[in-house]
Amino acid sequence: MKKYFLKENIKYYNSPNVNIIDNTLEFITKSNTDLWQKTYYNFQHDNAPFIQTTIGEKYFSFTVKVKYFSKRRFDQAGIILYLDSNNWLKASVEYENTEFQRLGSVVTNNGFSDWATVDISANITEMYYRLSRRENDFCIENSLNGTDFKQMRICHLNNALNEINIGIYACSPEKSSFKAIFSDMIISDCKWMEHK
């Protein structure tokens, strides 16, 4: 299986500002947009713009390259799997300051988000992500070159039982706006091998 994400039936959420050329998408963020549910900060944000397609296969991988030009704290651009406001996951680099940024992922089950991160250099402006599905378990990976992927996390989404929505997002939780370029967006056979 090999499908090009932008050739599928894509849907737009929260009015993303995008320009599509061939299999590349330029995304301009809107200020004061984010995704988060309750945990620790006790706020609920559900207004990040994103683009998704619906996929019914129980075993697949979705890979995308993101080039980003962040300007402000918490700016982020990456991949998303969004079922509804209480059940979703995302992975991205989140800008922190001129010295470091946070490569991380958020998983939200039943209205509560968690956040797992590792600090990386602020000089990195490109990242590949790969999201793999094995029924309602998922593996999120990242790569600097699109070949050598490293595991970020394995997680479970309670309500990812049948069809799910996968795609890309970019947002600026503070008063900011920046450009992210998404390319090499491929849905393929599952690259996450069964554990034996």
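The values are calculated or read from the model by the stated rules, or taken from the named source; none is laboratory data. Bear in mind that the values here come from a model prediction, so they are computed numbers and not experimental data. Neighbour counts run over all protein chains shown; Cβ positions are idealised from the backbone, glycine included. Ligands, DNA and RNA are stripped out before the accessible areas are found, and what is left, the full protein with its side chains, is counted by its heavy atoms. Shrake-Rupley method; radii C 1.70, N 1.55, O 1.52, S 1.80 Å.
I'd like the Kirkwood hydrodynamic radius of the range 29-105, using the inverse of the mean 1/r over distinct C-alpha pairs, in Å. One over the average 1/r among Cα pairs gives 14.1 Å for the range 29-105.
For the residue pairs Lys30/Lys90; Lys3/Lys38; Lys30/Lys150; Lys58/Lys90, the C-alpha atoms sit more than 26 angstrom apart in Lys3/Lys38; Lys30/Lys150. Residues Ile51, Ile181, ordered by accessible area of protein heavy atoms at a 1.4 angstrom probe radius and largest first, appear as Ile181, Ile51.
Quick one: accessible area per residue over the chain, 1.4 Å probe, rounded to a whole number of Å²?
Working: 9300 Å² over 196 residues.
The answer is 47 Å² per residue.
Taken about its Cα centre, the chain carries a charge dipole of about 140 debye when Lys and Arg each add +1 at the Cβ and Asp and Glu each add -1 at the Cβ.
Look at the dipole of the range 40-184 built from charges on Cβ: of Gly111, Ser121, Leu157, the Cα furthest out on the positive end belongs to Ser121. All distinct Cα pairs of the chain go into the 1/r average, and the inverse of that average, the Kirkwood radius, is 16.5 Å.
Given a Förster distance of 25 Å, report the FRET efficiency between Asn47 and Asp22 from their Cβ-Cβ distance, rounded to the nearest 0.05. That gives a FRET efficiency of 0.30.
Peptides 16-25, 78-87: what's the order by average Cβ count within 10 Å, highest mean first?
So the peptides 16-25, 78-87, ranked by packing, come out 78-87, 16-25.
Surface composition of the range 136-196: carbon and sulfur atoms hold 45% of the protein heavy-atom accessible area at a 1.4 Å probe.
Highest first, please rank the peptides 132-139, 100-107, 117-124 by the mean number of other Cβ atoms sitting within 10 Å of their residues.
100-107, 132-139, 117-124
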